[in-house]
Amino acid sequence: MVLGALLEVQAGQGLPWALAAKQSAVKQSPEKPVNDTSDDVEKLIKNSDCASCHAVDRQLVGPSYSAIAQRYAGQASAEDRLAKKIKDGGAGAWGNVPMTAHSDLSNVKLKSMVRWVLAQKAANAQAQDRKTYQYKDKDGKSVTLDFPVFVEGSDQKVTKDIFKGYELYNSYCYRCHGQDVTESELAPDLKRSLKQGMNGQQFMSIAMTGREDKGMPAWAGFFSEQEIKQIYMYVKGRSLELVAVGRPPTEGE
Ligand code: HEC
Ligand code: HEC
């Protein structure tokens, strides 16, 4: 794990001996059971990439924890099976989007995580009143989005989310998909993917899961749900040509 590697480097650079000793003690007992208090397990889950793809009460890339708890309620054999599933990854139980593998997690940790997931009671996802936003694309056709592209009262200044999406895209996605979502020989034109009907949910699934065999990295654990959504919003704004090539003006400028 990244954190482990970091601590090791720092230890080598002369951490106080007491702390270094403590770390090596931890290293010598990698299978030390995780305390099953929900605080510890929640921390473990937070420090892993689970949150990029799962939430307690609503589907993200994968099913909600409460839906998983509901499906396997009362099945004693589920614990081992689910621990193995998280370790190996794979699809088929909920749909055809695969979970990525987690071969670096010990069985003890995996089981604690599964027990925690299975304890998440069906919290009824609150039906949100979704606001919609109307824009005209460059041909004058009306389009409806469930997020705003521009700040209120402007048709130039983009929202903070779109601007963040612009920055993230041009830091991490541009080198294969093209600067400002233009074209590239290395990877598909994402404007075209969206024009052909790919929705936000599908965009997030591919971005988090990746298609490593085809050269598309998995971004789960690196990006949060919110960050991939921001990238999606920017790409959507570009695909409708509401947002032009280049740095868009934003709030407070
Ligand atoms: C890249 C996205 C992604 C990440 C990261 C991820 N999951 Fe999943 N998870 C999924 C998907 C997609 C499914 C549904 C798989 C299927 O249909 O078989 C799933 C299914 C599950 C299931 C149910 C499996 C079954 O067979 O019913 C559990 C439990 C689970 N995930 C826990 C976790 C935990 C704990 C972590 C973190 C260690 C994690 N997941 C990380 C995407 C992800
Ligand atoms: C190292 C190169 C590389 C980087 C960086 C990269 N991608 Fe990709 N991406 C690809 C390739 C190659 C494909 C085509 C995979 C295939 O053939 O199915 C792809 C496909 C996709 C698709 C599916 C498009 C379609 O029409 O099927 C999405 C969505 C996507 N990438 C999003 C992103 C996002 C968001 C980022 C930045 C966070 C990103 N990619 C960064 C290489 C990359």
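Of everything in segment 200-253, what is more than 23 Å from Asn96 (Cβ to Cβ), touching a strand residue (DSSP E or B) at 6+ places or on another chain (Cβ under 9 Å) and either in a loop (DSSP other than H, G, I, E, B) or more than 11 Å from ligand 2 (Cβ to nearest atom) (or both)? Give them in sequence order.
Met233, Lys236, Gly237, Leu240, Leu242, Val243, Pro248, Pro249, Thr250, Glu251
Listed here are the residues, each with its yes/no results for (1) closer than 19 Å to Gly210 by Cβ; (2) in contact (Cβ under 8 Å) with a residue 24 or more places away in the chain; (3) in contact with a helix residue (DSSP H, G or I) (Cβ under 6 Å, 6 or more places away or on another chain).
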{"site": "Lys160", "(1), (2), (3)": "no, yes, no"}
{"site": "Glu167", "(1), (2), (3)": "no, no, no"}
{"site": "Asn170", "(1), (2), (3)": "no, no, no"}
{"site": "Val181", "(1), (2), (3)": "yes, yes, yes"}
{"site": "Ser184", "(1), (2), (3)": "yes, no, yes"}
{"site": "Leu194", "(1), (2), (3)": "yes, yes, yes"}
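Condition check: modelled with pLDDT of 95 or more, of a type in the set (Gly, Ala, Ser) and outside any helix (DSSP H, G or I). Does Gly14 satisfy that? Quick ask: steps written out before the conclusion?
Working: modelled with pLDDT of 95 or more: no; of a type in the set (Gly, Ala, Ser): yes; outside any helix (DSSP H, G or I): yes.
So Gly14 does not fit the description; no.
Quick check on Ala93: is it part of a loop (DSSP other than H, G, I, E, B), within 25 Å of Ser224 (Cβ to Cβ) and over 19 Å from the mean Cα position of the chain (by Cα)?
yes
Check Lys84, Lys46 and return the single one that is in a helix (DSSP H, G or I), surrounded by fewer than 15 Cβ atoms within 10 Å (Cβ to Cβ), at pLDDT 90 or above and assigned by TED's automatic domain parsing to the domain that holds Val114.
Lys84
Is it the case that segment 160-177 has a residue that's part of a loop (DSSP other than H, G, I, E, B) and more than 16 Å from ligand 2 (Cβ to nearest atom)? Reasoning before the result, please.
So in segment 160-177, the residues part of a loop (DSSP other than H, G, I, E, B) come out as none.
No: segment 160-177 contains no residue that is part of a loop (DSSP other than H, G, I, E, B) and more than 16 Å from ligand 2 (Cβ to nearest atom).
Okay, residues lined up against (1) at pLDDT below 95; (2) within 16 Å of ligand 1 (Cβ to nearest atom):
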site	(1), (2)
Tyr169	no, no
Arg175	no, no
Asp180	no, no
Pro188	no, no
Glu212	yes, yes
Met216	no, yes
Ala220	no, yes
Lys229	no, yes
Val235	no, no
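The values are calculated or read from the model by the stated rules, or taken from the named source; none is laboratory data. The model shown is predicted, which means the values in this text are computed figures rather than measured ones. Note: ideal-geometry Cβ built from the backbone for every residue, glycine included; neighbour counts use all protein chains shown.
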